[in-house]
Amino acid sequence: MKSLAAVLCLATCACATAPFAGTHSTGERLDVITDRGANLKSLPIPVIHDAAFWNPVQGASDIDEAAFYRIAGQPEVAKQIQDKRESWVNLGTVGGWLLGAGSALLAGGGGTAIGIREMQLHNQNKHAEGLMISSLIVAGVGLISSLAGGAAIGYSDLHLGDHVLSYEQAVDAANQYNRKLDPAH
């Protein structure tokens, strides 16, 4: 029971610190900040930035990029972001299946080839050549599938945290939203 409580506590803490995709407008200003906390818009010099170093916020809270655009009144952009993320997740899922199936084929084909080779060595059975070639082909297909699956998983994981749109687009969306909140500025 104590372990269940510990797991629930960890899950709650983790969820509390992650940006929530279902965030709704609180009426606070939208902004774009860097991971280091500096507001890039407020710097007096042109900033060369990397898309990996900025986060959308509402007030003082980090929010999900799709929620940011939805709150900013750009639901079509929010949908584009969600669709892109779903494609990365789907790619990772397909990669997992390829990796699993490829590993099974590699193990089965390789094990069969080793067994056939042992049979040939001990019995001098020359009639197993066709089976040996088939086993090696299965193992080769397994190896290629495993590599493709691993690459798909890696690519998906690499891009899941990427921003779909540029920093400039995020700043423009925040500025447009903030002008609606305070039309005097």
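Work out how much length Asp157 to Glu129 would gain on full extension: take 0.36 nm times their residue separation and subtract the Cα-Cα distance, in nm to one decimal.
Contour length minus the Cα-Cα distance gives 5.9 nm.
Would you mind putting 92-103, 59-70 in packing order, based on average other-beta-carbon counts within 10 Å, highest first?
59-70, 92-103
Based on Cβ point charges of +1 for Lys and Arg and -1 for Asp and Glu, what charge dipole magnitude is obtained for segment 59-112 about its Cα centre, in debye rounded to the nearest 20?
For segment 59-112, the charge dipole is close to 140 debye.
What residues of segment 56-92 lie in the reach of a label at Ala148, counting those whose backbone N is under 17 Å from a point 7 Å from the Cα along Cα→Cβ?
Correct set: 90-92.
Determine the sum of side-chain charges near Arg85: Lys and Arg each +1, Asp and Glu each -1, restricted to other residues whose C-beta is under 15 angstrom from that of Arg85.
In short, -3.
Hey, with R₀ at 35 Å, roughly what FRET efficiency would Glu168 and Val89 work out to, going by the Cβ-Cβ distance, to 0.05?
0.85
Only the coordinates and a few stated rules stand behind these numbers; no lab work does. Here the structure is a predicted model, which means the values were calculated and not measured. Note: ideal-geometry Cβ built from the backbone for every residue, glycine included; neighbour counts use all protein chains shown.
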